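The values are calculated or read from the model by the stated rules, or taken from the named source; none is laboratory data. Computed from a prediction, not measured in an experiment: that's the story for all the values here. Here the Cβ is made from the backbone with ideal geometry for all residues, glycine too, and neighbour counts use every protein chain on show.
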Amino acid sequence: MFNLLKSNQTFVLILIPLIIAALWFRTFYIPSAPIHDAGGFTMPLYKLVSIITGDSKWLTGILGLVLFIIQILLIVKLNKDYILIDIRTYLPAIIFILVGCSFRQVQQFEPVLFANIFILLAVNKILQSYRDDSLFTNFFDASVLISLGSLFYFNTIFLFILVWSGLIILRQFSMREWLLSVTGLVTPYLFALSFFYIYGNVPDLFSMIAGNFIFDKSFEIFNLYSLIYLIYLAVLILLSSINIIKKYNKMKISIRKYYKFLFWMFVYSIVIFFAAPNASVEILLITAVPVSFVFTNYLVSIKKESTSSILLLMLMALIVLLQINI
């Protein structure tokens, strides 16, 4: 089974939408409770889209699904452009689907679905800049993308440190690039401030931002099934990380740097979950980006196909249990 899943055959491309449909099916008919009870943290761009879509559950559900599919395509593009996995495979996309959609609360019209697209685009811009001095504006672009993402989902703003991590890991020191990165972060907020100023609603903007610092974590979804799943996922991530460390010196320098960058992306997403007042399981969608590559790398490196199949099947089984019991 695993050899088929890790291939780049047309069958896998057909399987991907079937997996998405299986995971999202129940959510379309029985929507889960929103991650946050209050709407005080809603950021301007997400609020604008919410006004346009209105209260239509089907419309927002379909839009959420489209946003998620775009992210899958971006994951495939990252793997193709930077050869993060030694073989040609769509497995990172499958892992991203499984981990990103594991909690039903994310399978709906959530701000993070918008934000993660901007995060993936920013990651592409950062990785693209390695060893290409002509792409000095990429870090400005990446910062703009992170900033735009935060106007949908505020906690994205904390991933600005990812831009600086990219500068340290992938580039020689250049004050111009560091200053451009800060300028890129500020620019979308200057436009937002100007817009709210023109319409005399500047306090509303500050109120939206301030609402994100109100403690609003939801712990109700962390039942026995979710804890078992998260522990198993943590074990897989640990094993995958050890695998990367073992073969780190044998990797190409570029691949080493890319994985070091992905490692810090993983760390920052975990820190945001624990440190940001209103961050909850939606952060797992961001965490799923580095996990999809690191875990795939581990699975394809295992010599026994049966071992890889068992690890993947156990992950799938736990996710099915989550869909039923949360």
Next on the checklist: Quick check on region 257-278: of everything there that is over 12 Å from the mean Cα position of the chain (by Cα) and not hydrophobic (A, V, I, L, M, F, W, C), which residue is surrounded by the most Cβ atoms within 10 Å (Cβ to Cβ)?
Outcome noted: Tyr258
Item to check | Every residue from region 77-88 that is closer than 21 Å to Ile20 by Cβ and surrounded by fewer than 18 Cβ atoms within 10 Å (Cβ to Cβ) | outcome: Lys77, Lys80
Next on the checklist: Testing Phe213 on (1) under 20 Å from the mean Cα position of the chain (by Cα); (2) over 17 Å from Lys125 (Cα atoms); (3) surrounded by 12 or more Cβ atoms within 10 Å (Cβ to Cβ); (4) not charged (D, E, K, R), one condition comes back false. Which one is that?
Outcome noted: (1)
Checklist entry - If you scan region 241-294, which residues turn out to be in contact with a helix residue (DSSP H, G or I) (Cβ under 7 Å, 6 or more places away or on another chain) and not in a helix (DSSP H, G or I)? => result Ala276, Ala279, Val281, Glu282
Checklist entry - If you go through region 78-95, how many residues are touching a Pro at 6+ places or on another chain (Cβ under 9 Å) and assigned to a helix (DSSP H, G or I)? => result 2
Checklist entry - For region 124-136, does any single residue satisfy the condition of being hydroxyl-bearing (Ser, Thr, Tyr), on the phi < 0 side of the Ramachandran plot and modelled with pLDDT of 95 or more? => result no
Checklist entry - From Ile319, Ile310, which residue is free of Cβ contacts under 8 Å to residues at least 12 places away in the same chain and more than 14 Å from Ile119 (Cβ to Cβ)? => result Ile310
Next on the checklist: So, Leu98, is that one closer than 13 Å to Gly149 by Cβ and either in a helix (DSSP H, G or I) or at pLDDT below 90 (or both) or not?
Outcome noted: no
Item to check | Top-ranked residue of region 137-157 - restricted to ones that are in a loop (DSSP other than H, G, I, E, B) and within 19 Å of Ala210 (Cα to Cα), ranked as farthest from the chain's Cα centre (by Cα) | outcome: Leu151
Checklist entry - Is it the case that some residue within region 281-292 is of a type in the set (Asp, Glu) and surrounded by fewer than 19 Cβ atoms within 10 Å (Cβ to Cβ)? => result no
Checklist outcome for this item: When (1) modelled with pLDDT of 90 or more; (2) under 21 Å from Asn243 (Cα atoms) are applied to Phe68, the one that fails is (2)
Next on the checklist: Name the single residue that is nearest to Phe96 (Cα to Cα) among those in region 52-68 being loosely packed, with under 14 Cβ neighbours inside 10 Å and among the aliphatic types (A, V, I, L, M).
Outcome noted: Val66
Next on the checklist: Given the condition surrounded by 19 or more Cβ atoms within 10 Å (Cβ to Cβ) and touching a Ser or Thr at 6+ places or on another chain (Cβ under 8 Å), answer yes or no: does some residue in region 309-317 qualify?
Outcome noted: no
Next on the checklist: It is to be established whether one or more residues within region 115-136 are of a type in the set (Phe, Trp, Tyr), in contact with an Asp or Glu (Cβ under 9 Å, 6 or more places away or on another chain) and within 22 Å of Thr42 (Cβ to Cβ).
Outcome noted: no
Checklist entry - Any chance region 210-220 includes a residue that's in a helix (DSSP H, G or I) and among the hydrophobic types (A, V, I, L, M, F, W, C)? => result yes
Next on the checklist: From the list Ile70, Ile75, exactly one residue is within 19 Å of Phe118 (Cα to Cα), in a helix (DSSP H, G or I) and in contact with a Ser or Thr (Cβ under 8 Å, 6 or more places away or on another chain). Which is it?
Outcome noted: Ile75
Checklist outcome for this item: Those residues of region 101-136 which are assigned to a loop (DSSP other than H, G, I, E, B) and over 12 Å from the mean Cα position of the chain (by Cα) amount to Ser102, Phe103, Gln107, Gln108, Phe109, Glu110, Ser129, Tyr130, Arg131, Asp132, Phe136
Next on the checklist: Out of everything in region 191-211 that is without any contact (Cβ under 8 Å) to a residue 12 or more places away in the chain and among the aliphatic types (A, V, I, L, M), what residue ends up being farthest from Ser147 (Cα to Cα)?
Outcome noted: Ile198
Checklist entry - Of the residues Asp55, Asp141, which is at pLDDT 90 or above, among the acidic types (Asp, Glu) and within 30 Å of Asp204 (Cβ to Cβ)? => result Asp141
